Amino acid sequence: MTRSRLAELLLRNMTVFIFLAVFLYFGVQAPRFFGVESIANIVKQASFIGVIAVGMTFVLLTAGIDLSVGSNMYLSAMAAGYVLQNPALQNGWGVLVALLAGLSTGIVFGAINAFCIVVLRITPFLVTLATLVAGRGVGTAITESFGIEYPPPYLAFGASGLFGIPMPIVVFAVVVLAAHIVLSRTQFGRQIYAVGRDPEAARKAGIAVDRITFSVYVICGLCAAIGGVTLIALIGRLNQTFGVGKEFDVITAAVLGGTSLFGGAGTAWGAVVGSSLVQMVQSGMIFVGVNIYLQPMVLAAIIFLAILIDSLRNGRLEKLRRRRLRPD
Amino acid sequence: MSGAGLSIRGIGKSFFGVPVLTDVSLEIRPGRVLGLVGQNGAGKSTLMNIVGGNTAPDSGDMLLDDKAYGPANAREAERSGVAFIHQELNLFANLSIAENIFITAMPRGPAGLIDRNRLRRRATDLLREVDLDLSPDTLVEQLSPGERQLVEVSKALQLDARIVIFDEPTTSLTPRETSRLFALIDRLRSGGTAVVYISHILADIETLADDVAVLRDGKLVAAGPRPDFPASRMINLMLGRDIDQLYPPHRSAVRDEVLLEAEGLSLPGVVKGIDLSLRQGEILGLFGLMGSGRTELARLLFGLDRFHSGELVVQGERVTRMTPRRAIAARMAFITENRREEGLMMNVSIAENIALASLRALGNALGLLDKRAITASAATFASALQVRSGPIDTQPARSLSGGNQQKVVIAKWLMSGPSIFLLDEPTRGIDVAAKYEIYSIVKDLVAAGSGVIFISSEIEEVMAMADRILVMRQGEIASAFARERFSKASILRAAFGEKEAAA
Amino acid sequence: MSDTIPAPLLRRPRSSALPALLRRLLLDEYFVLYLTVAYFAVSAFFFPALLDPRNISNQLSNVWPLLAVAIGQTFVIIIAGIDLSLGATMGLASVAGAIVMTSAADKLLLGNSPVWGWLLSEQGGILADQPVAVAVGIAVILVTGGLVGLVNGVFIARFRLPPFMMTLVTLMLFSSAAIWITQSQNIVNLPDGFNRLGSGDLVSVYFGEKVTPEIKRRDILPFVTYPMLISLALAIAAHLLLSRTVFGRQVYAVGNNPKAAEISGVPVRRTIIMVFVIAGFCAAVAAILYSARLQGGRPTIGGGSALLDIIGATVIGGTSLAGGKGKIPWTFVGVLFFVLLSNTLNYMRLSAFHIDVVKGAIILAAALLDVLRVRLAAGDGR
């Protein structure tokens, strides 16, 4: 029993161990890595992935998946960018309008996914794979693959902060806090966990399963848009590859954070840990000077590790469930 | 008398073009318990699923307290005061007891957030009402089947429902839990709630019900006050004919050769120290409560799970690591308790289902198959077992009745030519007539020299069929009974443990 | 309450609402074949150039490699899986084979490659200019494909990783590996014997006037080609394997109900692994055809919209994403449809981006058709 306890402890806290190991490794390789500036930078970079990973957590909790977040980021940033091309809107109000336009785009994008999944009943990975490709197609067709420049007021928004905390981190904190409250303190949130565990039982228990499934994809779409419009405010120029492949980072972050691909388990906090880890590895590889061709392979290996751990954890839980005998 | 309660008027429903309910009219009155009986497939569950909002009727309507009632889903039904406690529980193991009870009606505080204190308090009150001494924060995954059943009941209490439907609620309960449940139903009744109680256990109906309604083949054949329905009449109405015997006569066919022997078989947390032996021509009954480890033992014997220690000797050969393929090669067959999930390929033809366990034997040296030969050979097994179906090479398994599906599963195993049969709840969910056919098939098997391990939670069934009964409790064989020592009371006592039976 | 969805939309469409004829048509095994023929007829009316023998010859040459890899996807989808890594497999296999066969490599471009100096040099691969180069090169491609499939299969079967997730990871891993090995370059200078596999033809037709005694090579239009023979042979073998063998039945059984299959003695894990190996092998065959036609090993041959084409062609053919149902002839029809679709989209002068949008929509439509069929076949369901 103690051995299996230990194994479970390891599985449960694997991310923390990996986190420490990776941190120490890069630190030893490049001592500058331990610097306050470097760490602050990692947290800032992690916040974009993290915000979207929070949205992904909602989807994963229902045992779904959203592969289209990268294209969603692109389209949302593009919508904000087009609004800001209007000279009359190149001011504070314009920034607000642009943000609203970007976020609405993300919500619509998420709603399209949700519609195909909930109403047409098509498998989530296929729907979002199709919208991943089609979404970027729509975007590049509209921009004709030209870049979009963002005016100074928007860049100022990107560089702003609250009490000295950079804007992206503030946004991330707000999103995580809101998600945490929704997931743990509202009926809607608790019902998401129920749906992910057993959708059929949820339906019979009187939970509006379709409505909940629909909502999580919209929430994920919104989070992708938040990530898109904030990240682009830092970069200042939208090019064709903005957001490409981000679905990998986001899913990795969520799963490393303890959210299961099999549904019903996960927290908003997990996204913080997971995204920091992903970003730390990415920044660390640049710090240490890993061959750029090798970097995606390292990331792939980390995703692999994440899903492997998740699967082992899930299989273990299932076994425990099956073994439960009638207690005295 | 009319007016109050639920009036079901002329309800009809078809699945796949087959009528499951025809013109059923029924009154469910407040302050009374209606016992709803009928064979499996008679339409009880479909009828109650319509009342509970899970299924929409094709025709007919319902009145709830004289107002039109037609719930689009379970939630609408609950809002109208109709609670349905399903046989398979709708609980979420990853949530706490309190969250499960209030999953659609969490008490909310000012900001719309869950008021956890109120949630806990109300859950505690409800748990006290069902006499369950647990913290409301306990995760449901830590509960026993019986405790889960009671949580499900407290969920219905929470709704303050005017109509509560129980679908086979006692299958996973200990006697003490059952009496608790009955006391609770009593209280509901005196509080003016209408209760619908579906059960196969006619004794329970006799204890509880004020009224009885009998369904057969989707039609209401009789309804009235309980005293008019002695058990014998209920049975006759359910079957539609007089039946003199439920089981074929017992005749021992036991021979000396041992087919299967287990010694000290253990898997931590599942079973421990299992000793058993099965001889040719023997029916070895395996009885125990849900969760006592019966199915788990069968899975170990068949190699679906690996045992950690102990020995297994099959047909004289020692097996250290069993796998399903080795089991089949050693001429074993496993008819699982769950046809739909583990027995059949629902969308595939009957013939292909029957051939599945014999594929390797059917292929030639190159692994090539002759489809026509397979269909022909499947057909002989299907007709030997009297599977009632259309063309077996095109008709999918899902279109068959439960009894015929079970026969297809048996035919599949017969085709592989086994001599050791593990039957796990072989008659669950099939009607009485088909049950009798299954019993006869089992008798034929042992007469021909096969050995059968017969797992069942219906004690009468095991007692009627078995030559010997092993009783399992908490993963161990609690005791063994030779046929001449069969006694319902002592077998049950062994299954529940002395303490339970004393209570 | 967030009543976001109007209730009527959530009701399942009633099958009885569909006219009987449409219902029969939708359920017909070869619905997509009729659709393809009809679409061809209509498009040919608008774009007569579609019927030009040159175009037909050209389009057919696009059919064969796609068919080869779609066959592999069909196996995987029948067991209710999906393989997103087939395109990446093609890229990696193509590169691996080319490195063995190439007869010269540019140090400027490939000097940083991890294989430079031991497998690859300015004199080409280790078998450069050897007579066995082609045979070994092909073997390396096939083995690479099979190995990638093995990796996918083992982790999916053994650790129960969701197939789409596992193959998403290998898609990323192996496509970046192929790019890393080649430093984003193409490996050219392949032996003629290999290149001939992509262009060699048995039956060719010249449609021009017979006035000049010398006919230019490009005016001769190949119809029966090596790729055609290779792909059709693969298709026939795959079809027989699925429909006539014990293994084939086991594949369907695993797709229909893995639990029942396991209890009935089907080696479920081994079947899953074999299916992914077959898929990798098929992708390798496609890699051979593409690399030979392009006369080079390219890390990106399976990139871009290949991912959508491979899934789309298989699913639109009728192989069900729910598993347990699918046939090679269906996939053949699906491939024809997809190539025809790309062809007409090009005639419509749509940009590559628009084409992606259309293909994405077509895949969703195919999946929707699948869902609809399952529901129609099951009657009204609950």
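Here are the numbers:
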item: Within the range B:288-339, tally of residues that are of a type in the set (Lys, Arg), within 14 Å of chain A (Cβ to nearest Cβ) and touching a residue at least 60 places away in the same chain (Cβ under 8 Å); result: 1
item: Given (1) in a helix (DSSP H, G or I); (2) touching a helix residue (DSSP H, G or I) at 6+ places or on another chain (Cβ under 7 Å), index of the condition residue A:21 fails; result: (2)
item: The range A:121-135: number of residues that are crowded, with 24+ Cβ neighbours inside 10 Å, within 7 Å of another protein chain (Cβ to nearest Cβ) and not aliphatic (A, V, I, L, M); result: 1
item: Qualifying residue in the range C:282-289 (condition: in contact with a Phe, Trp or Tyr (Cβ under 7 Å, 6 or more places away or on another chain), more than 14 Å from chain B (Cβ to nearest Cβ), of a type outside the set (Lys, Arg) and in a loop (DSSP other than H, G, I, E, B)); result: no
item: Residue ID - farthest from the chain's Cα centre (by Cα), chosen from residues in the range B:365-380 that are more than 9 Å from chain C (Cβ to nearest Cβ) and surrounded by fewer than 17 Cβ atoms within 10 Å (Cβ to Cβ); result: B:365
item: Residue that is farthest from the other protein chains (Cβ to nearest Cβ), among those in the range A:68-115 that are without any contact (Cβ under 8 Å) to a residue 60 or more places away in the chain and closer than 21 Å to residue A:245 by Cα; result: A:79
item: Any hit, the range B:121-144, residues being within 11 Å of another protein chain (Cβ to nearest Cβ) and in a loop (DSSP other than H, G, I, E, B); result: yes
item: Filter result (outside any strand (DSSP E or B) and either more than 21 Å from residue B:145 (Cβ to Cβ) or in contact with a His (Cβ under 6 Å, 6 or more places away or on another chain) (or both)) within the range B:269-303; result: B:280, B:281, B:282, B:301, B:302, B:303
item: Residue selected from the range C:339-363 under the condition within 19 Å of residue A:136 (Cβ to Cβ) and not in a helix (DSSP H, G or I), by the criterion nearest to the other protein chains (Cβ to nearest Cβ); result: C:351
item: Complete set of residues in the range A:267-288 that are over 13 Å from the mean Cα position of the chain (by Cα) and either surrounded by fewer than 22 Cβ atoms within 10 Å (Cβ to Cβ) or in a loop (DSSP other than H, G, I, E, B) (or both); result: A:282, A:283, A:284, A:285, A:286, A:287, A:288
item: Test: residue B:285 is more than 14 Å from chain A (Cβ to nearest Cβ), closer than 19 Å to residue B:428 by Cα, crowded, with 22+ Cβ neighbours inside 10 Å and modelled with pLDDT of 85 or more; result: yes
item: Residue that is outside the structural domain of residue B:406 (by TED's automatic domain parsing), aromatic (Phe, Trp, Tyr) and within 21 Å of residue C:262 (Cβ to Cβ), where the choices are B:302, B:287; result: B:302
item: Some residue of the range C:296-310 being within 14 Å of chain B (Cβ to nearest Cβ) and not in a helix (DSSP H, G or I); result: no
item: Residue check, residue A:118 among the hydrophobic types (A, V, I, L, M, F, W, C), in contact (Cβ under 8 Å) with a residue 12 or more places away in the chain, within 14 Å of chain C (Cβ to nearest Cβ) and over 24 Å from residue C:306 (Cα atoms); result: yes
item: Tally of residues being closer than 20 Å to residue A:41 by Cβ, of a type outside the set (S, T, N, Q) and surrounded by fewer than 21 Cβ atoms within 10 Å (Cβ to Cβ) across the range A:289-301; result: 4
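The values are calculated or read from the model by the stated rules, or taken from the named source; none is laboratory data. Quick caveat, the model's predicted, so the values are computed rather than measured. Ideal geometry is used to build each Cβ from the backbone, glycine not excepted, and the neighbour counts take in all protein chains shown.
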